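Please read the structure below before turning to the comments.
The values are calculated or read from the model by the stated rules, or taken from the named source; none is laboratory data. What you see is a predicted model, and the numbers here were worked out from it, not measured in a lab. Don't worry about glycine lacking a Cβ; one is built from the backbone with ideal geometry, like all the others, and counts go over all protein chains shown. Keep in mind that these areas ignore ligands, DNA and RNA; they rest on the heavy atoms of the full protein, side chains included. Shrake-Rupley method; radii C 1.70, N 1.55, O 1.52, S 1.80 Å.
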Amino acid sequence: MSGKDYSYDYFRNFPNTDGFFGQYGGIINVGPLEEEMKKIAAAYRQISQSADFIRELRDIRTHFQGRPTPVYYCKRLSEKLGGARIYLKREDLNHTGAHKLNHCMGEGLLAKYMGKKKLIAETGAGQHGVAIATAATYFGLECDVYMGEIDVEKQAPNVTRMKILGANVIAVKEGGRALKEAIDVAFKDYIKQFDTAIYCIGSVCGPHPFPMLVRDFQSVVGHEAREQFLEMTGNLPDVVTACVGGGSNAMGIFSGFLNDPSVELIGAEPGGRSMKIGDNAATLTIGKEGLLHGMNTLVIQDENGETAPVHSVASGLDYPGIGPEHVYLKDQGRTKYETVSDEECINAFFTLSRVEGIIPALESSHALALAMREAKKRPYESILVNLSGRGDKDIDYVAEHYGFGPKE
Ligand SMILES: *Cc1c(COP(=O)(O)O)cnc(C)c1O
């Protein structure tokens with residue numbers, strides 16, 4: 001374990017003022033957006049320190065989101081596995097059913113303090129779109145959500161949710177009509193309306209200051225969990241697991257434990273169908289250094305160095321890049337990453353549903369599957385899982401492809 005100091009100073013100095021975590025991150029290749037990103041970074045550094053902003057965000061967390069979310073000891077699951085004690089940080093109980101609202105409410109509040117009138121975002125499966133539409137409504141802002149036409153068809157319930165919340169859902173018809181094109185078109189439209197709008201990125205990704213700002217807003221998960229776990233057990237957990245798509249829920253919970261060298265921090269990457277390129281989205285395992293969406297990071301690339309197609313049974317995890325801070329922390333030896341296959345994910349999804357009465361999101365089921373695997377190797381330890389979201393959105397897909405689970 002590295003003896004590096006990850007106390008308060010770490011969060012002040014990482015990223016540095018140019019947005020780098022070591023060699024990763026930055027504001028790269030974003031053309032006319034660069035100046036605006038620098039403005040947002042400066043505004044954030046100032047506004048986020050103000051007593052009014054801190055008080056208002058705290059009030060929102062308590063009264064609108066329903067925080068703190070509980071930490072729950074899975075007694076039956078732990079006994080069934082016969083290994084480590086497994087605990088869940090219940091982000092599935094956060095308003096809208098996932099951790100994403102933690103940073104969307106922060107981004108919305110920042111927009112309000114900056115005098116912006118509109119939130120712009122892209123969405124793939126629609127989860128980020130629903131959270132940002134919720135935040136926009138709360139703050140009385142307009143909201144444009146860009147979504148590939150294929151995703152609009154596939155994710156009909158989330159499109160309906162966004163529309164009921166009052167957002168404009170813009171179906172992108174260009175190219176592959178999916179997430180990548182949605183981001184391209186959203187950025188083009190954003191450039192025309194800097195003065196009145198702000199782009200809200202859905203993870204610890206994109207150009208600086210978003211990897212920092214989203215991490216800071218998500219860190220509430222880790223700070224709460226550390227305190228709750230200590231109060232419940234008198235100790236810190238031995239291991240913390242979280243699934244890793246762009247990396248925001250993982251950075252959120254890891255933030256609370258970075259400075260506790262005895263706590264192992266392990267991310268669960270989507271191993272998909274196999275470890276061949278195109279069959280998974282395990283960027284920290286098979287990615288190579290490259291540029292994507294305004295940042296220097298690891299990217300899953302084909303033999304020509306182009307961004308490769310990715311797959312995961314959990315649509316919130318199929319991203320070919322990764323938040324730059326994860327790459328930095330992995331290089332430092334502070335965090336580790338393991339892959340979890342689609343099959344292990346589905347297995348964990350049914351196990352938690354049947355044994356504990358909690359239906360987890362397929363994304364979160366990766367973190368749980370990793371914990372179940374580790375539990376068997378560590379009979380005297382405790383494992384805290386970030387249960388990033390609830391599985392209601394996944395039930396139709398799961399029932400169609402896997403039925404209702406094992407018959408016992
Ligand atoms: C979007 C999503 C994720 C993946 O995003 P991260 O930025 O990696 O956290 C994980 N879990 C749920 C429930 C999600 O909606």
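Tabulated values for the structure
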{"read-out": "Computed E for Lys188/Ile164 - FRET, C-beta separation, R0 25 angstrom, nearest 0.05", "value": "0.35"}
{"read-out": "Three principal axis lengths of segment 14-170 [C-alpha, angstrom, descending]", "value": "56, 40, 34"}
{"read-out": "Of the DSSP H helices in the chain, those whose Cα atoms cover at least 15 Å axially and whose Kyte score averages 0.5 or more", "value": "127-139"}
{"read-out": "Accessible surface of segment 227-320 [probe 1.4 Å, protein heavy atoms]: carbon and sulfur percent", "value": "46 percent"}
{"read-out": "Kirkwood Rh and Cα Rg combined as Rg/Rh, segment 338-408", "value": "0.97"}
{"read-out": "Calculated FRET value between Lys376 and Asp195, using beta carbons and R₀ = 41 Å, to 0.05", "value": "0.15"}
{"read-out": "Orientation-averaged projected area, Cα convex hull of segment 45-108 (nm²)", "value": "5.7 nm²"}
{"read-out": "Dimensionless Rg/Rh of segment 100-175 - Kirkwood Rh, Rg from C-alpha atoms", "value": "0.98"}
{"read-out": "Semi-axis lengths, Å, segment 17-79, gyration tensor of Cα atoms, sqrt of 5 times eigenvalues", "value": "35, 22, 10"}
{"read-out": "Euclidean distance of C-alpha centroids, segment 310-362 and segment 184-217, integer Å", "value": "24 Å"}
{"read-out": "For segment 142-255, alpha-carbon Rg relative to the globular expectation (2.2 N^0.38 Å, N residues)", "value": "1.35"}
{"read-out": "Local electrostatic count at Leu77 - Lys and Arg +1, Asp and Glu -1, tallied over other residues with Cβ under 10 Å", "value": "+3"}
{"read-out": "Projected-area average for the chain over all orientations - Cα convex hull basis, square nanometres", "value": "18.5 nm²"}
{"read-out": "Accessible area of segment 164-247 divided out per residue, in Å², using a probe of 1.4 angstrom", "value": "38 Å²"}
{"read-out": "Cα gyration tensor shape of segment 196-354, rounded if a/c is under 1.5, else prolate or oblate by comparing a/b with b/c", "value": "oblate"}
{"read-out": "Among Phe254, Phe217, Phe53: highest mean-square fluctuation, GNM of the chain, C-alpha pairs under 10 Å", "value": "Phe53"}
{"read-out": "Accessible solvent surface per residue of segment 289-383, calculated while the other protein chains remain in place, 1.4 angstrom probe, Å²", "value": "36 Å²"}
{"read-out": "Accessible surface of segment 81-179 [probe 1.4 Å, protein heavy atoms]: carbon and sulfur percent", "value": "52 percent"}
{"read-out": "Residues of segment 7-117: accessible area per residue with a 1.4 Å probe, Å²", "value": "47 Å²"}
{"read-out": "By average C-beta atoms within 10 angstrom, highest first, the peptides 170-178, 36-44", "value": "36-44, 170-178"}
{"read-out": "Whole-Å distance, taken between Cα centres, linking segment 226-243 and segment 376-408", "value": "20 Å"}
